[in-house]
Structure formats: structure tokens, C-alpha cells
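First the structure, in the form of C-alpha cells, and then the observations on it.
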Amino acid sequence: TNMEQIKKISFGDIAVELGYTTSEKINECLEIQRKMQEMGITPKKLGEIMVDKGYLTEIQVKHIYQKQGLEGGTTQIAGYKLLNIIGRGAMGTVYKGVQLSMERQVAIKILSPHLAGNEKFITRFFKEARAVAKLNHPNIIQGIDVGESYGIHYFAMEYAEGKDLETIVKKQKQLDEKTATEIILQIARALDHAHKNNLVHRDIKAGNILITNKDSIAKLCDLGLARVMDENSETQQKVRVGTPAYISPEQARGEMDIDIRSDIYSLGVTFYFCVTGDLPFRSNSAVEVIKMHLSEAPIPPKHKNPKISNTITSIILKMMAKKRDDRYQTPAELISDLEKHLRTTYGAVEILEPQVIESAPSSPTTPTVAKIKGKTIDRFRARRLGKLGIRFRRFKK
């Protein structure tokens with residue numbers, strides 16, 4: 001399980017492995033943590049306690065955190081508490097966590113070591129992540145904070161409970177036309193917002209669309225982050241960014257001037273998948289699938305699912321036109337046709353209002369025991385902590 005994976009790369013295990021301390025000292029400090037909890041005080045991190053006791057130096061603690069994060073275990077990020085792993089990808093590991101200053105759940109992506117070691121990539125990563133964090137749209141997973149902590153590069157995002165669209169479609173075999181159209185409309189609105197802010201996703205697919213459990217709202221994930229991956233090598237001038245099953249012809253050719261029309265193509269593939277339960281092009285070879293995107297016309301979705309209307313069939317095929325100039329030129333054009341179809345066929349069209357999500361402080365810091373949740377330390381508990389060898393800050397009431 002995720003928790004078992006995390007425990008195998010624990011702070012204590014790494015500290016002992018590096019020869020910085022002993023298991024006995026680790027256990028002693030863990031017992032101090034337990035006693036702090038019994039006293040109703042949010043315990044300090046194990047590393048902080050070991051520094052207080054003189055068992056580790058701050059430099060050693062930082063080194064342990066770095067090794068822990070790079071090996072895929074829990075790491076320490078100032079201002080956040082990591083809970084468990086919720087996903088892994090080409091760019092790194094995603095954790096469910098808590099932003100301590102706001103006391104809210106977040107998703108935190110930690111970059112893989114091979115990317116974190118590339119200075120050009122990191123510079124672009126920060127630039128793009130900050131641009132994404134400025135977006136505010138109900139159909140986009142909100143970026144909250146980006147930074148570096150203990151040598152680990154991270155991007156904190158809104159955490160939303162739900163399932164990805166790919167999982168939902170595979171379970172249901174296919175979606176009814178109205179449901180699929182409403183989902184695609186929401187993502188088209190997300191692309192419109194991104195387009196107005198000069199951002200291109202480059203990896204639109206069912207797996208990157210989250211449907212929330214609470215309100216069944218479609219949210220686009222990882223917006224803008226795929227964009228940085230085309231510049232992580234000075235020698236590699238042409239790279240294919242995206243997923244073969246959803247890739248646009250221009251991306252498949254390795255063209256550099258990718259624009260929003262590429263996202264519209266990939267969204268068309270997603271729409272096709274939703275209403276048919278199948279992808280337009282299939283092969284055991286990713287290279288063959290890419291060739292199909294370049295040269296083969298897709299079987300009209302209506303041929304795979306006769307229940308699909310002629311209007312939606314036409315919209316999907318226009319989204320998936322091989323030539324960019326034959327597609328919808330902007331998300332706004334696509335939105336107009338989708339809304340018109342929903343109005344004329346099913347009635348009113350719902351429009352979601354933006355929800356403001358506050359970003360993290362510019363320089364996040366981990367709250368001290370006395371600050372967390374507004375608790376203060378009385379004299380009796382302060383004396384007990386002092387006997388345990390734990391330092392704390394005093395605050396005047």
C-alpha cells in the first residue's frame with residue numbers, strides 16, 4: 001500500500017542508514033513525539049526533536065530529507081505536511097498533503113531527481129507553474145504554490161476528491177451524449193481561460209480530467225506543466241509532448257509552434273472516447289498509433305455508437321481535423337457550438353462561477369507548536385517539555 005511504501009523510506013531508517021544516529025536515539029525521540037500528542041500539543045517533526053536533543057545537526061537533517069524525497073518517500077516541505085502518495089508520473093510523485101498555514105488539503109507534486117537536476121528545466125518549471133497559479137477557473141485544478149524546500153522542487157495544487165474521466169468511461173463502457181457533452185463543454189471553458197492567459201496544455205486526455213465526487217464538476221489537471229517538458233534538453237530540438245493515443249498531428253511531427261488548436265484536437269479524441277468507449281486509433285505500437293493520427297481518418301463515432309447525434313459527430317470530427325486550419329480555431333468557437341446543441345436538444349446550459357482559491361504565502365514556513373491551530377502552551381506543559389529536552393518559543397498573550 002501507499003503507507004507501506006512510505007514507511008520503507010522513513011526518516012529514522014535513512015538517518016540510521018547514513019550512520020548519523022542509532023535506532024535507540026530514534027526510538028527515544030519517537031517516544032517524545034508520542035508524549036507531546038498525549039499532552040494535547042501538535043508534536044514537532046522527528047528531525048526537529050533530534051536537533052533539540054543534540055542527536056543530529058540541521059545539516060544532517062536536511063541531507064536526510066533530501067535523500068528521503070529523492071527516493072520517493074515522504075519528504076519535508078516548509079509549510080506543508082505530506083500524508084500519502086496519490087500518484088506517480090513522468091515528472092514525479094504526487095502526494096496528498098496539508099497546507100499548514102491555511103489548514104486545508106492540497107496535492108503536492110514533487111519533481112523527479114532527473115528533472116530537478118536540470119537548471120534550465122527548473123527555471124521554466126517555476127515560470128510556467130507561477131503562470132498556472134494565476135489562473136482562477138472552476139474547471140481547472142488551481143495552482144497554489146511553487147518552490148524549493150530542502151533541495152526538493154515542488155508544486156502545490158488544489159486537492160479535489162474524485163475519479164479521472166478515463167476510469168469512469170472504462171467502468172461505464174461509454175457515456176450518454178448529454179453527460180459527455182457537458183463534460184467536454186466544461187473542459188473547453190477551461191481551455192478558453194487558459195488560452196486567454198497564453199497557456200497551452202499539450203497533454204489533454206481523459207486521464208487528465210477529474211470528475212469531482214461532490215458536484216460532478218470536470219476539472220482539468222496539470223495545465224501548463226506539460227509545456228515545460230519540451231525544453232529540458234538543449235540538444236533535443238524536436239520532441240513529442242503528449243500521449244500517443246491523444247496526440248495531435250502537429251505534435252506527432254515534433255513541430256515547435258504548438259498552439260491551442262492542438263489541445264482542441266486532443267479534446268476531440270477525448271470526446272470520441274467518452275461517447276464510444278473506444279479510442280479512434282488503436283495499435284500495440286505507440287509509433288503506429290502516432291502514424292494513424294498523422295494520416296488516417298477516424299471512423300465516425302456514430303458508426304460505433306448509433307445513439308450519437310449527427311451534430312455531435314460533426315463537432316468531434318471537426319475538432320479532430322488533421323489540418324489545424326480545418327478545426328475550431330479557438331475554444332470559444334467550440335463552446336458556442338456545444339452550448340447551442342445543449343440548449344436546442346436538452347434545454348438550459350449551466351455556467352459555473354469562478355471560485356477564488358488563496359495561494360500560499362510567498363515564503364511559507366512551518367508553524368511552531370505554539371502557533372498551530374491557535375493553541376498556546378501553559379506553564380505546566382512547558383515545564384514537562386523542557387524536561388524532555390524540547391525547545392519552544394514563548395508568546396505573550
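The values are calculated or read from the model by the stated rules, or taken from the named source; none is laboratory data. Here the structure is a predicted model, which is why all the values come from computation and not from measurement. Neighbour counts are summed over all protein chains in view; Cβ atoms, including those assigned to glycine, are modelled from backbone coordinates with ideal geometry. Heavy atoms of the whole protein, side chains included, go into the accessibility calculation; ligands, DNA and RNA do not. Shrake-Rupley method; radii C 1.70, N 1.55, O 1.52, S 1.80 Å.
Residues in the stretch 42-61 that are assigned to a loop (DSSP other than H, G, I, E, B), buried (at least 17 other Cβ atoms within 10 Å of the Cβ), modelled with pLDDT under 90 and touching a Phe, Trp or Tyr at 6+ places or on another chain (Cβ under 9 Å): LYS44 alone. Considering ILE122, ILE77, ILE152, ILE110, the condition of being surrounded by 21 or more Cβ atoms within 10 Å (Cβ to Cβ), over 30 Å from PHE273 (Cα atoms) and free of Cβ contacts under 8 Å to residues at least 60 places away in the same chain is satisfied by ILE110 alone. Screening GLN68 on (1) part of a helix (DSSP H, G or I); (2) within 32 Å of the chain's Cα centre (by Cα); (3) modelled with pLDDT of 85 or more shows it passes everything except condition (3). Among the candidates LYS163, LYS134, LYS127, the residue that is within 14 Å of the chain's Cα centre (by Cα) and over 22 Å from LEU82 (Cβ atoms) is uniquely LYS163. Does VAL146 satisfy being open to solvent by 30 Å² or more (accessible area, probe 1.4 Å), without any contact (Cβ under 8 Å) to a residue 24 or more places away in the chain and either aliphatic (A, V, I, L, M) or in contact with a Cys (Cβ under 9 Å, 6 or more places away or on another chain) (or both)? Spelling it out, it is not the case that VAL146 is open to solvent by 30 Å² or more (accessible area, probe 1.4 Å), without any contact (Cβ under 8 Å) to a residue 24 or more places away in the chain and either aliphatic (A, V, I, L, M) or in contact with a Cys (Cβ under 9 Å, 6 or more places away or on another chain) (or both). Considering every residue within the stretch 233-241, establish whether at least one is among the acidic types (Asp, Glu), under 27 Å from the mean Cα position of the chain (by Cα) and at pLDDT 95 or above. Scanning the stretch 233-241, I find no residue that is among the acidic types (Asp, Glu), under 27 Å from the mean Cα position of the chain (by Cα) and at pLDDT 95 or above, so the answer is no.
Taking LEU115, is it modelled with pLDDT under 85 and in contact with a Phe, Trp or Tyr (Cβ under 7 Å, 6 or more places away or on another chain)? For LEU115, the condition - modelled with pLDDT under 85 and in contact with a Phe, Trp or Tyr (Cβ under 7 Å, 6 or more places away or on another chain) - is met. So, in the stretch 180-204, of the ones that are out of contact with any strand residue (DSSP E or B) (no Cβ under 9 Å at 6 or more places or on another chain) and farther than 13 Å from LEU338 by Cβ, which residue ends up surrounded by the fewest Cβ atoms within 10 Å (Cβ to Cβ)? In this case the residue turns out to be ASN198. Scanning the stretch 28-41 for residues that are open to solvent by 60 Å² or more (accessible area, probe 1.4 Å) and either over 23 Å from ILE59 (Cβ atoms) or free of Cβ contacts under 8 Å to residues at least 12 places away in the same chain (or both) yields GLU31, ARG34, LYS35, GLN37, GLU38. The strands (runs of 3 or more DSSP E) falling completely within the stretch 104-215 that include 1 or more residues that are within 28 Å of GLU58 (Cβ to Cβ) map to 104-111, 143-149, 152-158.
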